[in-house]
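The values are calculated or read from the model by the stated rules, or taken from the named source; none is laboratory data. These figures come from a predicted structure and were not determined experimentally. Every residue, glycine among them, receives a Cβ derived from its backbone with ideal geometry; neighbour counts consider all protein chains shown. SASA here: full protein model, heavy atoms, side chains in, ligands and nucleic acids out. Shrake-Rupley method; radii C 1.70, N 1.55, O 1.52, S 1.80 Å.
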There are 6 protein chains.
Amino acid sequence: MYELGIVKRHITRADRSAAERLATLGVATVHEAMGRVGLMKPYMRPIYPGAQIAGTAVTVLLQPGDNWMLHVAAEQIRDGDIVVAACTADNEDGFFGDLLATSFRARGARGLVIDAGVRDVKVLTEMGFPVWSKAVSAKGTVKSTLGSVNIPLVCAGALVQPGDVIVADDDGVVVVPAALAAKTADAAAAREANEGDKRAKLAAGVLGLDMYKMREPLEKAGLKYID
Amino acid sequence: MYELGIVKRHITRADRSAAERLATLGVATVHEAMGRVGLMKPYMRPIYPGAQIAGTAVTVLLQPGDNWMLHVAAEQIRDGDIVVAACTADNEDGFFGDLLATSFRARGARGLVIDAGVRDVKVLTEMGFPVWSKAVSAKGTVKSTLGSVNIPLVCAGALVQPGDVIVADDDGVVVVPAALAAKTADAAAAREANEGDKRAKLAAGVLGLDMYKMREPLEKAGLKYID
Amino acid sequence: MYELGIVKRHITRADRSAAERLATLGVATVHEAMGRVGLMKPYMRPIYPGAQIAGTAVTVLLQPGDNWMLHVAAEQIRDGDIVVAACTADNEDGFFGDLLATSFRARGARGLVIDAGVRDVKVLTEMGFPVWSKAVSAKGTVKSTLGSVNIPLVCAGALVQPGDVIVADDDGVVVVPAALAAKTADAAAAREANEGDKRAKLAAGVLGLDMYKMREPLEKAGLKYID
Amino acid sequence: MYELGIVKRHITRADRSAAERLATLGVATVHEAMGRVGLMKPYMRPIYPGAQIAGTAVTVLLQPGDNWMLHVAAEQIRDGDIVVAACTADNEDGFFGDLLATSFRARGARGLVIDAGVRDVKVLTEMGFPVWSKAVSAKGTVKSTLGSVNIPLVCAGALVQPGDVIVADDDGVVVVPAALAAKTADAAAAREANEGDKRAKLAAGVLGLDMYKMREPLEKAGLKYID
Amino acid sequence: MYELGIVKRHITRADRSAAERLATLGVATVHEAMGRVGLMKPYMRPIYPGAQIAGTAVTVLLQPGDNWMLHVAAEQIRDGDIVVAACTADNEDGFFGDLLATSFRARGARGLVIDAGVRDVKVLTEMGFPVWSKAVSAKGTVKSTLGSVNIPLVCAGALVQPGDVIVADDDGVVVVPAALAAKTADAAAAREANEGDKRAKLAAGVLGLDMYKMREPLEKAGLKYID
Amino acid sequence: MYELGIVKRHITRADRSAAERLATLGVATVHEAMGRVGLMKPYMRPIYPGAQIAGTAVTVLLQPGDNWMLHVAAEQIRDGDIVVAACTADNEDGFFGDLLATSFRARGARGLVIDAGVRDVKVLTEMGFPVWSKAVSAKGTVKSTLGSVNIPLVCAGALVQPGDVIVADDDGVVVVPAALAAKTADAAAAREANEGDKRAKLAAGVLGLDMYKMREPLEKAGLKYID
């Protein structure tokens, strides 16, 4: 359950170097390395293609049509953080624009993940400030009802604890618990190392059917080839 | 209530110079300057990023699967207009393509806003003819049932009067009533002028909490900081 | 009705040269030439803009959250094919990524059309391997339940027979039955030839109202011009 | 464009007897009699089946997550009114429940039409207080930002002027401009009178093809019967 | 691919007695008996709860906003048929109401399955004429563009051949190919016979884990019980 | 992050008597008493109207198209539990039907909350076994991939811990953390007690404007009454 009206100032952030490694591996590989859990819903899309980042979560719970807590959150940002914002009700207003982006960047933020709308996307794109959101909307918001900062929250279907590692790229957004960051980076790197070899074989025309030894289980499952 | 089978030939267009100024200010700023009203729903998206235009509305009411009235509307276009098309029922067919765009441009249109589908988006992109739409669909339409041209209509949730200023960019589409165009341009420009200073402060690390003097109202609202 | 657990090895592919011609004509023109049938639903979108392809369909029926049959399908791909994948239930998991794309390309595939999700879209974009999908999702899939390969299936609302020509571009995806490929290419080419002249007239300011002789039928339908 | 922070106390309500007649005719017939315009989008659904009402509109513009203006609107309700509420942004919170319904009913309201969410639907059903809404949600709302009462607004895609007749039943909600209420009631009643005869013929097995003399136009349009 | 402007008069209907048996078994059981294929998408909902029918398909392809072909289809209905209607583009208009229902019933139809909207649902409910649809909408339709009757078509994602058995109840709609009707009825009945015994055991507290012997495969898959 | 392949046998259930009291208070009142947090998304709808229950959560994480873990969960049900099921990806298959309901009821379950589809809804309604779901679908599921039972999970946007109290009625579903159940029941009961008096006043025509003393804050916010 969410506690409202709270700002937690001291959070335990995941290991920085693990976050750096996860950034280079990308969402799909990290998600696989985690056993296919922790992914946000696929409606979360980047406002421009090509960004690939990782960082530690500063979480923000917003009220619909009200971005007050994003201003409160700015003060809690440390270098290498990603702000993760959810709303107590589905809402596509534009909670965030270029002024907040300027402030977030000055505080060290690497990007924003928000289960709501954003605006000024042309300027954000020119600034190279990456945002993953549910919508783009020019509609501004008021500043009158409290939410919270740095509480555990659900963003786009995924549970996020303050300090968790967030990895985001064109495939979406995945959450890596702080305690598992290093281990996940190792597993993802191992997976990745393994892929180069597979890719070369497949490019040479070897079939996955053979490379993954699927023919027998397929036959067992009853697959029939007909002409 | 819509009157069907009507083409209004003489409409009062908003002041041209106000429209020009609004184009440079963009949707989010104009929407704020209007007091946060007049915005179309955020499902209206540009077919390519980067276009930012303003112009006076020629309105078109379409029937589902029928683009006859777009041809009728072409004749009513004057230089600097934006065609705004709505449909009597939700429909995502491709009502508009490169031939109509060629005709609209020859008549002086700056773009199209349509609460339905468009097609030939690759060619429209190459032509640089901007369109904001609900969908992209190759499905063509018939020409057999009357709608109307230059009547007041509801497009993507916003009321549009013929002659109103339409401002459209990557953040969406906003409608400025003709009578308010100059005043809104003034207010938006004042807002914009004010933003440069704010941006500089935020970039230097000043917090919005301090710049906007939010600490006291937040405390009054009961915000608690914990460690 | 779908038969599950079947791979059909020999299918009759549409004439290669017809497919080549259809590729150059594009989806909207081909769809018109077919009498406005055969189009997939407009939620099928390219993962990057600008690709325009045609090829013969290798069809794949998938189970939700399970991409086993894509591996089976790889073996059935011949040069010039496009893989068309549907799922027995709505599902947006990422069934396809860069490894499968490497394999499909090595087998001669020109692209993928999938009524589900894909991942690794950044790499797929760099590879220039075009995909039309319903969603982008990093979520991986298991390999445990049988579907079928090269059976007739419904993809995004359109019926696809193995061997049919698939045409895909920024406007969407259209299916041309193998037996109609040559005839449709002729009709589409005739349509296209005709468009240059129309475009020139419209660009010169001639109205569609006059060029298409619409004034009389509009008057007959009761259209009234008012001032 | 919406003006915010306004309550209009004196509005011109449509003729009461016309509203009574429209109530008995139902939405589909009234909508036909209006020439198929004025209908709200089909996502507006009754919270329980079977209610069929008409009344004069008291309009309310709400802010997302904020139901303050519904309390303001209560004072403006006169006997025979229907409250029509829209929101400045898509929002499915539960803006209305049994306490407000008790108040609205005490003031003479016949029902509520709201392009947002409602709650306490079990009690509302027991009370027999009909509501047409976009969603059902238990989520409550704050009271802190101004909207307006009795301004023209767009509700679920339809333009509503204060005082217009609202007709609502299981088929949806239609808006009849006050000035057209009597005329529309006449036209709808004539339509209805005509239907009894048609129904009897169709029940006896006469085909619409013959009753509406469609065979010739179908043949002309090119319809082919094959065996 | 759809052929437009065609009415096929003679179709081969599935065996009547098989349809009768399938009606008593219900959609979920029939769908299982078919190997989990042939189901329409779950957005197809009954306009009132409790109806459970089966019948032979008369298919109708409609154009958006145009119900002309439903009138044409009426003549092709034989006793025991269910009309199955699809549209060439997504459209939620009210294509069907109580007059058409009166006509369809007089011709022997048992119900309607339509991938679009219907109206007069209160009267249809009183008549006990069951309809499964995508939407309810009072919006009427024109009669001006040809579709087809009794061609194979895709309805809500399922392929329907004229004469196939359609089974519909509160769980949705499933299509049984005519040639498989008897065999499917046998398989479904066998399944059903088997269920009474299972139900009794489960009601007595026997666990599915034991009844279906799942403990071993679960352990093999790696399931761990912790305290 | 979810751990897969786990069944937790011993969970701490919330106090039974608190759950009983919460059941009588209903979702909207409980949600208010919690400070407006803990609500599932409004797409979660009851399969039949009128049920109002509360119980302790047994949680189940499912894989798309696979209901194996519901069978595993049955064994963990104790009298007074409500099963809460989520899926690792959006999926509307029918994971649950009358056989599982028979088993769940025999184990003491009061109902099911599932962020996916269910089937056999007619029988479930006859049984009076209440279900809140995202969809109704006849599509069956396989039993081949592990999820987990009694882990913390996100269901329809809300975080659920095993043992939490779930309250569900026609307004939706709310989650009350086990530790707060008694306190929340007290607060909700106090709220409820207070409502009778308010209801009587409102029914007598007293305005909320006066009863809640809103006139001054509205004036302060700038509300203007015009004629």
Does segment E:81-89 include one or more residues that are open to solvent by 20 Å² or more (accessible area, probe 1.4 Å), part of a loop (DSSP other than H, G, I, E, B) and away from chain B (no Cβ under 14 Å)? no
Return yes or no: is C:ASP115 under 30 Å from E:LEU39 (Cα atoms) and open to solvent by less than 10 Å² (accessible area, probe 1.4 Å)? no
Go through segment C:66-75 and give me each residue that's open to solvent by 10 Å² or more (accessible area, probe 1.4 Å) and either touching a strand residue (DSSP E or B) at 6+ places or on another chain (Cβ under 6 Å) or without any contact (Cβ under 8 Å) to a residue 60 or more places away in the chain (or both). C:GLU75
Do you know which residues across segment A:122-135 are open to solvent by less than 10 Å² (accessible area, probe 1.4 Å) and part of a helix (DSSP H, G or I)? A:LEU124
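Residue-wise test of (1) more than 21 Å from B:GLU92 (Cα to Cα); (2) at pLDDT below 95.
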residue	(1), (2)
B:VAL136	no, no
B:SER144	no, yes
B:PRO152	yes, no
B:VAL165	yes, no
B:ALA168	no, no
B:VAL176	yes, no
Out of (1) on the phi < 0 side of the Ramachandran plot; (2) in contact with a strand residue (DSSP E or B) (Cβ under 9 Å, 6 or more places away or on another chain), the odd one out for C:ASP120 is which? (1)
Out of segment E:213-227, which residues are at the interface with another protein chain (Cβ under 7 Å from one of its Cβ atoms), open to solvent by 80 Å² or more (accessible area, probe 1.4 Å) and part of a loop (DSSP other than H, G, I, E, B)? E:ASP227
Going through (1) over 20 Å from C:ALA204 (Cβ atoms); (2) part of a helix (DSSP H, G or I); (3) not acidic (Asp, Glu) one by one, B:LEU100 fails only at (1)
Given the residues A:THR141, A:THR145, A:THR125, which is the only one that is in contact (Cβ under 8 Å) with a residue 40 or more places away in the chain, hydroxyl-bearing (Ser, Thr, Tyr) and more than 8 Å from chain B (Cβ to nearest Cβ)? A:THR141
Residue selected from segment A:24-39 under the condition open to solvent by 10 Å² or more (accessible area, probe 1.4 Å) and part of a loop (DSSP other than H, G, I, E, B), by the criterion nearest to C:ASP90 (Cα to Cα): A:ARG36
E:MET44 passes all but one of the listed conditions (1) at pLDDT 95 or above; (2) over 30 Å from C:THR145 (Cα atoms); (3) in contact with a Gly (Cβ under 8 Å, 6 or more places away or on another chain); the exception is number (2)
Long-range neighbours under 8 Å by Cβ, at least six apart or interchain, first residue under 19 Å from A:ILE151 (Cβ atoms) and among the aromatic types (Phe, Trp, Tyr) within segment B:203-227, second open to solvent by 90 Å² or more (accessible area, probe 1.4 Å) and not in a helix (DSSP H, G or I): B:TYR225/A:ARG9
List the strands (runs of 3 or more DSSP E) that sit entirely inside segment D:158-211 and contain at least 1 residues that are within 7 Å of chain E (Cβ to nearest Cβ). D:165-169, D:172-176
Output the number of residues of segment A:90-100 satisfying the condition of being among the aliphatic types (A, V, I, L, M) and surrounded by 24 or more Cβ atoms within 10 Å (Cβ to Cβ). 1
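Residue by residue, here is whether (1) open to solvent by less than 20 Å² (accessible area, probe 1.4 Å); (2) without any contact (Cβ under 8 Å) to a residue 40 or more places away in the chain holds:
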{"position": "C:SER103", "(1), (2)": "yes, yes"}
{"position": "C:GLY108", "(1), (2)": "yes, yes"}
{"position": "C:ALA182", "(1), (2)": "no, no"}
{"position": "C:ALA193", "(1), (2)": "no, yes"}
The lone condition C:GLY55 fails out of (1) over 20 Å from E:LEU159 (Cα atoms); (2) surrounded by fewer than 21 Cβ atoms within 10 Å (Cβ to Cβ) is (2)
Sole residue being of a type outside the set (Asp, Glu), more than 14 Å from chain B (Cβ to nearest Cβ) and over 14 Å from E:GLY172 (Cβ atoms), chosen from E:GLY65, E:GLY26, E:GLY35, E:GLY5: E:GLY35
Hey, any hits in segment B:69-83 for a residue that's at pLDDT 95 or above, touching a Gly at 6+ places or on another chain (Cβ under 8 Å), within 27 Å of D:ALA221 (Cα to Cα) and of a type outside the set (Gly, Ala, Ser)? yes
Within segment B:8-23, which residues are outside any helix (DSSP H, G or I) and either open to solvent by less than 10 Å² (accessible area, probe 1.4 Å) or more than 7 Å from every other protein chain (Cβ to nearest Cβ) (or both)? B:ILE11, B:THR12, B:ARG13, B:ALA14, B:ASP15
Looking only at segment A:40-59, which residues are assigned to a loop (DSSP other than H, G, I, E, B) and at negative phi? A:MET40, A:LYS41, A:PRO42, A:TYR43, A:MET44, A:ILE47, A:TYR48, A:PRO49, A:ALA51, A:GLN52
Kindly indicate whether any position in segment A:46-53 is under 14 Å from the mean Cα position of the chain (by Cα), more than 14 Å from chain D (Cβ to nearest Cβ), within 22 Å of F:THR88 (Cβ to Cβ) and in contact (Cβ under 8 Å) with a residue 24 or more places away in the chain. no
What number goes with the only condition from (1) closer than 23 Å to D:GLU32 by Cα; (2) part of a loop (DSSP other than H, G, I, E, B); (3) of a type in the set (A, V, I, L, M) that E:ALA109 does not pass? (1)
Do you know which of the residues in segment A:136-161 that are among the aliphatic types (A, V, I, L, M) and open to solvent by 10 Å² or more (accessible area, probe 1.4 Å) is nearest to B:TYR48 (Cα to Cα)? A:VAL136
Applying the selection to segment C:109-147, what residues are under 26 Å from A:LYS134 (Cβ atoms), of a type in the set (Lys, Arg) and within 14 Å of the chain's Cα centre (by Cα)? C:LYS134
Which listed residue is within 20 Å of the chain's Cα centre (by Cα) and closer than 20 Å to B:PRO42 by Cα, from A:PHE96, A:PHE104: A:PHE96
